[in-house]
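Readers should treat all values here as calculations from the given coordinates under stated rules, not as data from a laboratory. These numbers were taken from a predicted model, which means no experiment stands behind them. Here Cβ is always computed from backbone atoms with ideal geometry, including for glycine, and neighbour counts include all displayed protein chains.
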Amino acid sequence: MTRLAICPGSFDPVTYGHLDIIERGASIFDHVIVVVFNNQSKAPLFTVEERLELLKQSTGHLLNVSVDSSSELLIDYATQKNAQAVLRGLRAVSDFEYEMQITSMNRKLNENIETLFMMTNNQYSFLSSSIVKEVAKYKANVSDLVPKPVEEALNRKY
């Protein structure tokens, strides 16, 4: 049986913090599907198509990682893919409270899919897509925060 995990997020844009979780997840699971979900409470900088392309470029070195998008419920997507787990990264205690609510609802909807939390590497604990976009908007150097294709895409946007 293939151990499959779904790594969901808005990835607007993908950061080294995201990649840290994806790479570590790929070392544990046989296959990881990174799925772009559109968060209705956020106004994205990049289109879903742009985010997919940036993720593909950023994860191309990981042979057991694929990239997809969905507009349905995460748990429905994971069920359709026969995933055993949802992989989520945590940066701080504040992330945990939000993630616990989502996990509890997902568990109610499908108790067969586990949610696994992975603490981010300390060097990325402050990093969020929102912070990256904010500093990139003011032309600050983000090369140590995001992969090269993302840095170039941010420069084009701003």
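Across 144, 30, 12, mean-square fluctuation computed from a Gaussian network of the chain (C-alpha pairs under 10 Å connected) peaks at 144.
Compared with the dominant Cα axis of the chain, that is its longest principal axis, helix 16-28 is turned about 30°. Electrostatic tally near residue 130: other residues with Cβ closer than 9 Å to its Cβ, Lys and Arg +1, Asp and Glu -1, net 0.
Rounded to the nearest 0.05, what FRET efficiency do residue 137 and residue 40 have when you use their Cβ-Cβ distance and R0 = 22 Å? The computed FRET efficiency comes out at 0.45.
The stretch between residue 157 and residue 118, if pulled fully straight at 0.36 nm per residue, gains 10.9 nm over its current Cα-Cα span. Length gained on full extension, residue 23 to residue 108: 27.8 nm, using 0.36 nm per residue less the C-alpha separation. The aspartates and glutamates within cross-link reach of residue 157, meaning a Cα-to-Cα straight distance under 17 Å and a gap of 8 or more places when in the same chain, are 12, 49, 50, 53, 134.
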